[in-house]
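Q: So that we are looking at the same thing, I have put the structure below in structure tokens.
A short reminder: the numbers here are calculations on the coordinates, not readings from a lab. Because the structure is predicted, anything quoted here is derived from the model rather than measured. Every residue, glycine among them, receives a Cβ derived from its backbone with ideal geometry; neighbour counts consider all protein chains shown.
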Amino acid sequence: MGNAMSLLRTNYRFTVAEYEQMIEFGILDENRPVELIRGEIVTKMPIGDRHAATVDRCNRIFNRKIGDRAIVRVQNPIRFPDSEPETDISLVQPHDDFYESAKPQPADVFLLLEVSDTSIEYDRDVKGPLYAQANIVEYWILNLNDDALEVYRQPQSNGTYADVRILRRGDQIEIAALPGVIVQVAELL
């Protein structure tokens, strides 16, 4: 061929239904650390000891403070139109069946929290915009590297949050959707 041809390659994007079928049929299982982000099946970062202990600590703190006002979910999926992220901690509306019949959707979410050490850029630059565009009202990144809590509120359709705060040990925060639930940053770290 005399003319140079360029081939355009695109990644195949899975629908949430296709992704869920792969799980249902055993193609993907709990031993494969993956999640669906914007139609792509993405490998999750391995979880180290500090990360795992921090998730357990957060789970305990939230369960104690929140009681029956929300369900505290640990590393379980939230269903978005084109994604099924598995956040470290999610606080969702109470449901009698604990979401056995259907996964929580963005309107069910009070708060999403990611514990970050090796995944900080991904949690900020990929998950943050995804959550903002899905209208997740409050997103926290517990930044273990900087010993800080990054708080994102007031989601914008362009994938940003209008209210961004960095909190440190000694600071406290009230969960916006759960008035009266106050968390000390030092408790989480």
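Q: Taking H placed 1.01 Å from N in the peptide plane, check which residues at least 5 places from ALA148 or on another chain put their amide H under 5 Å from its amide H.
A: Result for ALA148 returns ASN143.
Q: Under 5 Å between amide hydrogens, which residues at least 5 positions from GLY159 or on another chain qualify, with H placed 1.01 Å from N in the peptide plane?
A: GLN133
Q: What value, in deg cm²/dmol to 500, does the helix sum -39500 (n - 2.57) over DSSP H runs of n ≥ 4 give at 222 nm once divided by the residues of the chain?
A: Rounded to the nearest 500, it is -5500 deg cm²/dmol.
Q: Over the range 47-188, what is the relative contact order in whole percent, taking alpha-carbon pairs under 8 Å and six or more residues apart? Write out the running numbers ahead of the final one.
A: Working: 272 pairs, mean separation 24.2, N = 142.
For the range 47-188, the relative contact order is 17 percent.
Q: Sorted by average packing, counted as other Cβ atoms within 10 angstrom per residue and highest first, what order do 120-126, 33-39 take?
A: 33-39, 120-126
Q: May I pose another question? Which one, VAL151, PRO94, ILE41, is farthest towards the positive end of the dipole of the chain when Lys and Arg carry +1 and Asp and Glu -1 on their Cβ?
A: In the chain, that residue is VAL151.
Q: So how far apart, in nm, are the two label points at ALA17 and ASP146 if each is 7 Å from Cα heading toward Cβ?
A: 4.2 nm
Q: For mean projected area of the Cα convex hull in nm², one of (1) 26.6; (2) 16.9; (3) 13.8 was computed from the structure I shared and the rest are decoys. Which label?
A: Of the labelled values, this structure produces (3).
Q: A further question follows. Can you give me the distance in nm between label points at ALA107 and VAL164, each placed 7 Å from the Cα along the Cα-to-Cβ direction?
A: About 2.9 nm, to one decimal.
Q: Can you find, among ILE120, ILE175, TRP140, the residue sitting farthest towards the positive end of the charge dipole of the range 47-188, where Lys and Arg contribute +1 and Asp and Glu -1 at Cβ?
A: ILE175
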